[in-house]
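**Q** Structure incoming, see below.
Read-outs throughout are calculated quantities, based only on the coordinates presented, and are distinct from any laboratory measurement. What you are looking at is a predicted structure, and each value in this text was computed from that prediction instead of being measured. All Cβ positions, even for glycine, are placed from backbone atoms using ideal geometry, and neighbour counts span all protein chains on display.
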């Protein structure tokens with residue numbers, strides 16, 4: 001579990017990104033972290049990973065000590081027992097001018113649960129060979145290689161910032177597949193993204209930030225039990241809609257779900273717009 005308590009953080013004294021912010025994230029869950037530009041999504045990931053230190057409050061994480069016992073550490077303390085159970089895939093990154101094998105030899109020892117078998121399986125799914133020279137890859141290929149390595153670390157916490165940026169359409173489908181295949185009961189995955197259609201079928205839980213406040217914290221099952229999402233042709237009455245917006249078919253509509261209504265697939269973009277515009281609280 002990641003436990004954020006009364007967190008405060010700002011890059012300067014005049015602008016605080018977070019003030020008394022609290023959140024708990026459970027294991028065996030894929031979280032979607034959504035929000036407009038500048039709402040603090042990337043900053044929150046870096047605070048979880050211990051790459052930034054809060055000015056007040058704490059971020060603590062449950063871990064497994066080398067002897068197998070349960071323990072909890074503050075992220076900002078950057079204890080080796082914690083760092084080996086975290087992996088962050090940033091939106092922008094550089095890889096060294098080396099072969100993938102050299103990269104693995106250098107970095108895999110920091111992750112005691114690293115699996116070459118998982119790495120090779122992910123690379124195969126992404127249609128990449130295992131004898132890569134990293135610097136010669138395209139941006140999309142670099143991202144697929146790093147995502148493959150991240151999954152192969154088998155860390156308890158996997159944080160991903162805009163992981164589908166730079167991926168082509170087939171690669172986005174491959175991304176969803178490798179994430180689903182490598183989920184375990186002990187793992188927590190947090191995906192920060194603007195590309196909601198790339199991940200909406202993958203997510204278990206939705207977090208929406210706005211002005212560095214948590215507007216929504218709900219599981220996908222709760223949301224699809226509570227709301228229905230549909231496409232309504234133009235000219236059909238939409239008076240019962242909680243929220244609607246124009247679509248090529250007429251209107252995309254979000255309504256409260258009644259017991260006699262069938263469950264519908266979550267429309268994450270529609271939900272996000274409804275929440276950030278105050279139609280859902």
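**Q** What number, in percent, do you get for the relative contact order of the chain if the mean sequence gap of Cα pairs under 8 Å and at least 6 apart is divided by its residue count?
**A** On the way: 517 pairs, mean separation 53.4, N = 281.
Relative contact order here is 19 percent.
**Q** Using packing as a proxy for protection, rank 32-45, 128-141 so that the peptide with the highest average count of other Cβ atoms within 10 Å comes first.
**A** Working: 32-45: 20.2, 128-141: 13.9.
Order by mean packing, descending: 32-45, 128-141.
**Q** By how many nm would the segment from residue 231 to residue 138 lengthen if fully extended, with 0.36 nm per residue of separation less the alpha-carbon distance? Provide the component values of the computation, followed by the final result.
**A** Working: separation 93, 0.36 × 93 = 33.48 nm, distance 3.81 nm.
Additional length available on full extension: 29.7 nm.
**Q** Determine the percent antiparallel among the DSSP beta bridges restricted to the chain, to the nearest 5.
**A** Values: 36 of 55 bridges.
Antiparallel: roughly 65 percent of the beta bridges in the chain.
**Q** With a point put 7 Å past each Cα toward its Cβ, work out how far residue 29 is from residue 258 in nm, to one decimal.
**A** With each label placed 7 Å out from Cα toward Cβ, I get 3.2 nm.
**Q** Which FRET efficiency, nearest 0.05, do residue 110 and residue 279 yield, Cβ-Cβ r, R0 41 Å? Please list the in-between numbers first.
**A** Details: r = 46 Å, r/R0 = 1.11.
Between residue 110 and residue 279 the formula returns 0.35.
**Q** Taking the number of other C-beta atoms within 10 Å as the exposure measure, put 200, 186, 94 in order starting with the fewest.
**A** Values: 200 20, 186 14, 94 9.
Ordered from fewest to most neighbouring Cβ atoms within 10 Å, 200, 186, 94 come out as 94, 186, 200.
**Q** Just to verify a number: FRET efficiency for residue 197 and residue 69, C-beta to C-beta distance, R0 = 45 Å, to 0.05?
**A** Details: r = 42 Å, r/R0 = 0.94.
With a Förster radius of 45 Å, E is 0.60.
**Q** I would also like to ask the following. Quick one: Cα centre-to-centre distance for the stretch 77-113 and the stretch 231-281, in angstrom?
**A** Computed from Cα coordinates, the inter-centre distance equals 42 Å.
**Q** Assuming a viscosity of 0.692 mPa s and a temperature of 37 °C, what translational diffusion coefficient in µm² per second does Stokes-Einstein assign to the stretch 33-134, Rh being the Kirkwood radius over Cα pairs? Show your work: numbers first, answer last.
**A** Numbers: Rh = 16.1 Å.
For these conditions, the coefficient is 204 µm²/s.
**Q** Give or take rounding to whole Å, what are the principal axis extents of the alpha carbon atoms in the stretch 221-276, in descending order?
**A** 29, 26, 17
**Q** Can you give the FRET efficiency for residue 247 and residue 180, using 1/(1 + (r/R0)^6), R0 = 41 Å, r = Cβ-Cβ distance, to the nearest 0.05? Don't jump to the answer; show the numbers that get you there.
**A** On the way: r = 28 Å, r/R0 = 0.69.
Step by step, r from the Cβ atoms, then E = 0.90.
**Q** For every helix of n ≥ 4 consecutive DSSP H residues, a contribution of -39,500 (n - 2.57) applies; sum these over the chain, divide by its total residues, and give [θ] at 222 nm rounded to the nearest 500 deg cm²/dmol. Walk me through the numbers on the way to the answer.
**A** Numbers: 9 runs with 78 residues, N = 281.
That comes out to -7500 deg cm²/dmol.
**Q** Follow-up question, since we're still on this one. What's the exposure ranking of 205, 194, 15, going from fewest to most Cβ atoms within 10 Å?
**A** 15, 194, 205
**Q** Which order results if 157, 243, 103, 11 are arranged by neighbouring Cβ count within 10 Å, fewest first? Let's see the in-between values first.
**A** Details: 157 24, 243 21, 103 17, 11 10.
Going from sparsest to densest Cβ surroundings: 11, 103, 243, 157.
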